[in-house]
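Colleague: One structure, as structure tokens, below. Some questions next.
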Amino acid sequence: MSTTEIGNVPFEEAVAQFDPVMGLEVHVELSTVTKMFSAAPTEFGADPNTQVDPVSLGLPGSLPVLNAKALESAIRIGLALNCTIASQCRFARKNYFYPDMPKNFQTSQYDEPIAFDGWLDVDVPASEDGTGEAFTYRVQIERAHMEEDTGKSSHVGGSTGRIHGAEYSLVDYNRAGIPLIEIVTRPLTGAGRRAPEVAKAYVATLRDLLRSLDVSDVKMEQGSMRCDVNLSLRPSPDAPLGTRSETKNVNSLRSVERAVRYEIGRHAGLLRAGQRVVQETRHWHEDTGLTTSGREKSDAEDYRYFPEPDLVPIAPDPAWVEELRATLPEPPAARRRRLQSEWGFSDLELRDVVNAGALDLVEATVAAGASPVSARKWWTGEIARRANAEGIDLASSPVTPQQVAELQGLVDAGTLTDRLARTALEGVLAGEGSPAEVVEKRGLAVVSDDSALTAAVDAAIAANPGVAEKIRGGKVQAAGALIGAVMKEMRGQADAARVRELVLERVGAS
Amino acid sequence: MSAADLTRWDASRLAAALQAGEVSSVDATRAHLDRIAQVDGDADAGVHAFLHVAGEQALADAAEVDARRGRGEELGPLAGVPVGVKDVLTTTGMPTTCGSRILEGWVSPYDATVVRQLKAAGMVIVGKTNMDEFAMGSTTERSAFGPTRNPWDHTRIPGGSGGGSAAALAAFEVPLTVGSDTGGSIRQPAAVTGTVGVKPTYGGVSRYGLVAMASSLDQAGPCGRTVLDTALLHEVMAGHDPHDSTSLPGPAPQVVAAAREGASGDLRGVRVGVVRELGGEGYQAGVRARFDEAVALLTEAGADVVEVGCPNFAHALPAYYLIMPSEASSNLARYDGMRYGLRVVPDGDGVTAEQVMAATRAAGFGEEVKRRVILGTYALSAGYYDAYYGSAQKVRTLVQRDFDAAFGQVDVLVSPTAPTTAYRLGEKLDDPLAMYAGDVATIPANLAGVPGMSLPVGLADEDGLPVGLQILAPAREDQRLYRVGAALEALLLQRWGAPLLARVPEQPATAATASSTTEARA
């Protein structure tokens, strides 16, 4: 079915007329050292077909053995998603022929997932265009199951890089057998026109959660987290579910939102024109923001699932599961709420910290003794600016939270002014040592000797008798010129507030 | 000492002579290689038990064992003894074809765990034995490289799928072989060639490197000319393997000790059940006669013999012929010409990977493999799964319950191994159902995962061909097979005065004048 014949309906019109229902399937590559069913290594970016062994190549006679670490990660993910962990479950074989699948079946969980019936609360931010409030959406999780990844085909020749028109294809089996967890939602209903934002917020929340569990790199651009978007429309929330499309490999947060918007418009166009939506797999094109038809599923792909006879049933020890539950990290959203309350930040302030990737850094800086406000200012201000200029992540900045706390401590003690502290930071970033060492080496400390300051103030008054006269006449703001002269004399290493006090005192006295 | 003598020796006698320094492994290996060169022939004539003979490697391995022994190293009881390996187990340095064109010439980059165990035990692998393609068959006629012939009568089948492993023993080409048994492929060939074969408890021997037909049924096992020899090989192969998830943890059964204990011929206190459903109608008269005599001998040896009913065994055959092809259809999907083995590219432009897969499988698989792949694909299809695969699994549970109930009453069960003696080559090739029916007595053990042995109990009067008796024991009680089997063997030997295999006709020397270092055969 060509999408060019029937135009997409503009988004607002589409969601005014139809109720969108989504289903999201997220594949996460676990960051285990070895593969799901063998000891082959899992290094990303290695030369093709070097991260393989008889099992991951599916050689005759080879047999799978479940990676215990992968099972542990799967259970922890299930627990973090508030799922029930199966007391007993099995793997199945999903049979179909494809050159990048060494055995021509995928070993996957089918009707007996390791984790099921969970939920994840998703904080959906206010719409960027101001048309919608922030709200929390509870995503119901149907299941999280274990499976193995396939290899990767690349099609050489032809213009599209796709299999059609290619002269030949190459297959790299390095990815074959990498442990995957597939997390499947129940149909997400009731989101209405916020559906694209809900989808994006869900994937973002899931990504943060998985990162906090330290089970995956969750790098969408490298494919270690991949999202398939199922979408259907129905005339009203009471109507039965419509026919869905499945858009594969939507691999950025922004694309998740865009793909949902696009498919809503496309489905609405078809339905309005009285056409049927084809149940099919669709490809997402990052460059054009369009989806195109993939394989149609109408020939009822029959995967001939049956229990994997080469693996024994999995029956996790309940005590072990409870131990894993007890040692789960605090969920990122709950942690953000707790820290916001502890630090007394506004929503906006917290969002700045989170968006800057500075939450851990601010927390560590506060733990090292700085006030939350000063920690936030450092990390989202000067340090962020410098990291940005260097083109590096905040976390990769060479300054540590301890050093930032120390720097702030020097400011609080009056040893450094804010400006001097920024200079000291420069020294720290340049590798000149701790803040105290930089202050020492560069001679940056504030001149707090009042006799030296008083002498400089007196000299400034003497040099500017007209200004002193104005001040005495009540024009206190004229003091700025004298303060500036003093600060210049002191090469900035003086506390401007103290200088001001002294100026007013000495003018009155003279 | 003449070379012919060494090939007539049992493995245990040869092992003792090797340990005593009376013979060298090189001499023993060369004697067997010469025997293979004399009698094994090729697809057209001779026993054709071997698809590949690794003469040079075997002699080098034998020399290495001799050298180690010369240095006084501690070696296993079978060190230096030649052994043949069914071509369904992966071996580095020699091809693994599974009797199929689709794997012709494929050399595995890794050794099966069993092969590693043989090598670690210092055994000398002389070559790979013939088999029905992917172990699918009861006659070895389904080998893509030509049939194996029964040493008792070259016009007859050697059984299958492991006809090569059994015939090699009966023709004195090698004293021990490794087989695999999915529905009887060790036991039925043993029965029709007058040799001993054991399917261990499922999980008792590693399946890593055993090319899968039906994963939940496949089990590698030992084949020999005597119960004790078979036990010696069993202990080399048995034990937990971390590379096989279905491998049993814990210590392996003490089968050699059981075989030695049984050799006294005393079975007092042992309860033996004769399976009512496996015998009688449909069983050849000569098979029944020899079986009944053997049961009488068990009674004479002091065993308490009773008849035991296993009513669900009647459904075992159809259940097996759903489960086995279902698993096989999936296990054999990997042979698609993409990575290894045969690749057939159809003529024309714009050929797709799918077309290459289809053409490769069409050309590379034989008729019986295609039949089972199609059958299994159908049985697993949506809408049929519950009726076929699902029901078959329920039957499997019922068969297991029959065994549980039976073993509540008796220590071992006995039956004829096969309903008939060796039939003629070609006789059932066009009647798969008739051929499948020959597995009726061996299949229940695979469905339930219990161990089984076949051992020779004489020759049928009507055709003078060997008859096998099957012993079955509860899971992880493999040693019971050896105790009862060794006792029966000892009593029969007393009666016969010489082993049954002494009566195998002398094999005709083949036209093939291959030397002992012949590498490629097929």
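Colleague: What translational diffusion coefficient, in µm²/s and rounded to a whole number, does the Stokes-Einstein relation yield for the range B:162-271 at 10 °C and a viscosity of 1.306 mPa s, taking the hydrodynamic radius as the Kirkwood radius over Cα pairs?
Modeller: Answer, rounded: 110 µm²/s.
Colleague: What do you get when you divide the Cα radius of gyration of the range A:234-363 by 2.2 N^0.38 Å, with N the number of residues?
Modeller: In units of the globular-protein estimate, the range A:234-363 measures up at 1.62.
Colleague: Can you tell me the dipole magnitude for the range A:450-509 around its Cα centre, using point charges on the Cβ only (Lys, Arg +1; Asp, Glu -1), in Debye to the nearest 20?
Modeller: It comes to approximately 200 debye.
Colleague: What is the fewest-to-most order of A:Leu416, B:Leu75 by other Cβ atoms lying within 10 Å of their Cβ?
Modeller: By the 10 Å Cβ count, ascending: B:Leu75, A:Leu416.
Colleague: So, one more: Can you run phi through the Karplus equation (6.51, -1.76, 1.60; θ = phi - 60°) for the range A:261-271 and list ³J(HN,Hα) in whole Hz, with x for Gly and Pro?
Modeller: Once θ is set to phi - 60°, the couplings for the range A:261-271 become 4, 4, 5, 4, x, 5, 4, 4, x, 5, 5 Hz.
Colleague: State to the nearest 20 debye the size of the charge dipole of the range B:59-155 about its Cα centre, where the only charges are +1 on K and R beta carbons and -1 on D and E beta carbons. Walk me through the intermediate numbers first.
Modeller: Working: 10 positive and 12 negative charges, 19 e Å.
Roughly 100 debye, rounded to the nearest 20.
Colleague: What list do you get for B:Cys223, A:Cys227, B:Cys310 if you sort them by fewest beta carbons within 10 Å?
Modeller: Ascending number of Cβ neighbours within 10 Å: B:Cys310, A:Cys227, B:Cys223.
Colleague: Turning to a different aspect of this structure: What share of the DSSP beta bridges in the protein assembly as shown is antiparallel, in percent to the nearest 5?
Modeller: 80 percent
Colleague: Ignoring everything except DSSP H segments at least 4 long, calculate the 222 nm mean residue ellipticity for chain B; use -39,500 (n - 2.57) per segment, divide by total residues, nearest 500. Mind showing how you got there, number by number?
Modeller: Numbers: 17 runs with 196 residues, N = 522.
One gets -11500 deg cm²/dmol as the mean residue ellipticity at 222 nm.
Colleague: Follow-up question, since we're still on this one. Hey, rough spin-label estimate for A:Glu342 and A:Ala39, points 7 angstrom out along Cα→Cβ, what's it come to in nanometres?
Modeller: It is 4.3 nm.
Colleague: Right, something else. Provide a whole-number value for the mean count of partner chain Cβ atoms within 10 Å of the Cβ atoms in peptide B:330-343.
Modeller: Partner-chain Cβ atoms within 10 Å, mean over residues of B:330-343: 5.
Colleague: Which of A:Ile383, A:Val373, A:Ala405 sits closest to the plus end of the dipole of the range A:330-442, meaning its Cα is farthest towards the positive end, when Lys and Arg get +1 and Asp and Glu get -1 on the C-beta?
Modeller: In the range A:330-442, that residue is A:Val373.
Colleague: Tell me, Kirkwood radius of the range A:450-509 from alpha-carbon pair distances, in Å?
Modeller: Averaging 1/r across every pair of different Cα atoms and inverting gives 11.0 Å.
Colleague: Principal axis extents for the range B:341-402, Cα atoms only, whole Å, descending order, please.
Modeller: Principal-axis extents of the Cα atoms in the range B:341-402, largest first: 56, 23, 16 Å.
Colleague: Based on alpha-carbon positions alone, could you give the equivalent ellipsoid semi-axes of the range A:108-262 from the gyration tensor, as √(5λ), descending, whole Å?
Modeller: Values: eigenvalues 174, 82, 56 Å².
Over the Cα atoms of the range A:108-262, the ellipsoid semi-axes are 30, 20, 17 Å.
Colleague: What does the charge count around B:Phe365 come to, taking other residues whose C-beta lies under 14 Å from its C-beta (Lys +1, Arg +1, Asp -1, Glu -1)?
Modeller: Numbers: positive: B:Arg101, B:Arg142, B:Arg334, B:Arg343, B:Arg361, B:Lys370, B:Arg371, B:Arg372; negative: B:Glu104, B:Asp132, B:Glu133, B:Asp336, B:Glu367, B:Glu368.
Computed value for this residue: +2.
Colleague: When only Cα pairs under 8 Å and 6 or more residues apart are kept, what is the percent relative contact order across chain A?
Modeller: Normalised by residue count, the contact order of chain A is 14 percent.
Colleague: How much length, in nm to one decimal, is gained on full extension between B:Arg503 and B:Ala60, taken as 0.36 nm per residue of separation minus their Cα-Cα distance?
Modeller: 156.1 nm
Colleague: Roughly what % of Cα-Cα distances in chain B sit above 34 Å, to the whole percent?
Modeller: Working: 41317 of 135981 pairs.
Of all Cα-Cα distances in chain B, 30 percent exceed 34 Å.
Colleague: Using 10 Å bins from zero, what percent of all Cα-Cα pairs in the range B:29-180 falls into each bin?
Modeller: Distribution as computed: 13, 43, 33, 9, 2 percent.
Colleague: Could you give the alpha-carbon Rg of the range A:348-494 over 2.2 N^0.38 Å, rounded to two decimals?
Modeller: Working it through for the range A:348-494, the quotient is 1.28.
Colleague: Another question about this same structure. Kindly give the semi-axes, whole Å and largest first, of the ellipsoid equivalent to the range A:11-321, taking each as the square root of 5 times a Cα gyration tensor eigenvalue. Don't skip to the answer; put the middle values down first.
Modeller: Values: eigenvalues 210, 117, 66 Å².
Here the semi-axes work out to 32, 24, 18 Å.
Colleague: Taking the convex hull of the Cα atoms, report for the range A:324-400 its projected area averaged over all directions, in nm².
Modeller: Its Cα hull, projected and averaged over all orientations, spans 5.8 nm².
Colleague: Still on this structure, please answer the following. For the range A:306-317, in order, what is each residue's ³J(HN,Hα) by Karplus, 6.51 cos²θ - 1.76 cosθ + 1.60 with θ = phi - 60°, in whole Hz (x at glycine and Pro)?
Modeller: Karplus-based 3J(HN,Hα) across the range A:306-317 equals 8, x, 5, x, 8, 10, 8, x, 9, 10, x, 4 Hz.
Colleague: Here is a follow-up. Hey, with R₀ at 41 Å, roughly what FRET efficiency would A:Arg335 and B:Glu74 work out to, going by the Cβ-Cβ distance, to 0.05? Could the numbers behind the result be given before it?
Modeller: Numbers: r = 61 Å, r/R0 = 1.48.
Result of the calculation: an efficiency of 0.10.
Colleague: Shape of the range B:47-107 from its Cα gyration tensor (a ≥ b ≥ c, root eigenvalues): rounded if a/c is under 1.5, otherwise prolate when a/b > b/c, or oblate?
Modeller: Details: a/c = 2.78, a/b = 2.58, b/c = 1.08.
Taking the square roots of the gyration eigenvalues as a ≥ b ≥ c, the range B:47-107 is prolate.
Colleague: To check you understand DSSP bridge types, tell me what percent of the beta bridges within chain B (both residues inside) are antiparallel, rounded to 5.
Modeller: 65 percent
Colleague: Sticking with this structure for a sec: Along its principal axes, what span do the Cα atoms of the protein assembly as shown show, with the longest given first and each in whole Å?
Modeller: So the three principal-axis extents are 140, 79, 59 Å.
Colleague: Something else about it: Of A:Met22, A:Thr34, A:Val9, which is farthest on the positive side of the dipole of the range A:1-127, counting Cα position, with +1 on Lys and Arg Cβ, -1 on Asp and Glu Cβ, and the Cα centre as origin?
Modeller: So the residue we want is A:Thr34.
Colleague: What does the helix-only formula give at 222 nm for chain A: each DSSP H stretch with n ≥ 4 adding -39500 (n - 2.57), the total divided by the residues, and the result rounded to the nearest 500 deg cm²/dmol?
Modeller: -11500 deg cm²/dmol
Colleague: Would you work out which of B:Gly209, B:Phe172, A:Tyr305 lies farthest towards the positive end of the dipole of the protein assembly as shown, given +1 charges on the beta-carbon of Lys and Arg and -1 on that of Asp and Glu, about the Cα centre?
Modeller: Of the options given, the answer is A:Tyr305.
Colleague: Can you sort B:Asp229, B:Asp411 so the residue with the fewest Cβ neighbours within 10 Å comes first?
Modeller: Details: B:Asp229 27, B:Asp411 19.
If I rank by nearby Cβ atoms, fewest first, I get B:Asp411, B:Asp229.
Colleague: Each label point is 7 Å from the Cα along the Cα-to-Cβ direction; what then is the distance between the points at A:Ala16 and A:Ser236, in nm?
Modeller: 1.8 nm
Colleague: From the phi angles alone, apply the Karplus equation (6.51, -1.76, 1.60; θ = phi - 60°) to the range A:381-387 and give each ³J(HN,Hα) in whole Hz, x where the residue is Gly or Pro.
Modeller: Along the range A:381-387, the couplings run x, 4, 5, 4, 4, 5, 4 Hz.
Colleague: Moving on to the next point. At 24 Å minimum axial length over the Cα atoms and a Kyte-Doolittle cut of -1.0, report the qualifying DSSP H helices in chain B, or say none.
Modeller: B:391-409, B:478-496
Colleague: Follow-up. Need the full-extension length gain, A:Asp123 to A:Glu469, defined as separation in residues times 0.36 nm minus the C-alpha distance. One decimal, nm.
Modeller: On the way: separation 346, 0.36 × 346 = 124.56 nm, distance 6.09 nm.
Working it through step by step, the gained length comes to 118.5 nm.
Colleague: How would the range B:358-495 be classified by its alpha-carbon gyration tensor: rounded, prolate or oblate, with rounded meaning a/c under 1.5 and the a/b versus b/c comparison settling the rest?
Modeller: oblate
Colleague: Whose amide H sits under 5 Å from the amide H of B:Gly452, counting only residues 5 or more places off or on another chain, with H placed in the peptide plane?
Modeller: B:Lys199
Colleague: Quote the charge dipole size of the range A:11-321 about the Cα centre in Debye, to the nearest 20; the model charges only the Cβ of Lys and Arg (+1) and of Asp and Glu (-1).
Modeller: Once rounded to the nearest 20, the dipole reads 440 debye.
Colleague: Inverting the mean 1/r over all pairs of different Cα atoms, compute the Kirkwood radius of the range A:387-435 and quote it in Å. Present the calculation step by step, with values, prior to reporting the outcome.
Modeller: Values: mean 1/r = 0.0900 Å⁻¹.
Evaluated on the range A:387-435, it is 11.1 Å.
Colleague: Quick one: if you stick a label point 7 Å off each Cα along the C-beta vector at B:Arg424 and B:Ala437, how many nm between them?
Modeller: 1.8 nm
We did not get these values from a lab; they are worked out from the coordinates using the rules stated. Quick caveat, the model's predicted, so the values are computed rather than measured. Using ideal geometry, Cβ is built from the backbone for each residue, glycine included, and neighbour counts are taken over all protein chains shown.
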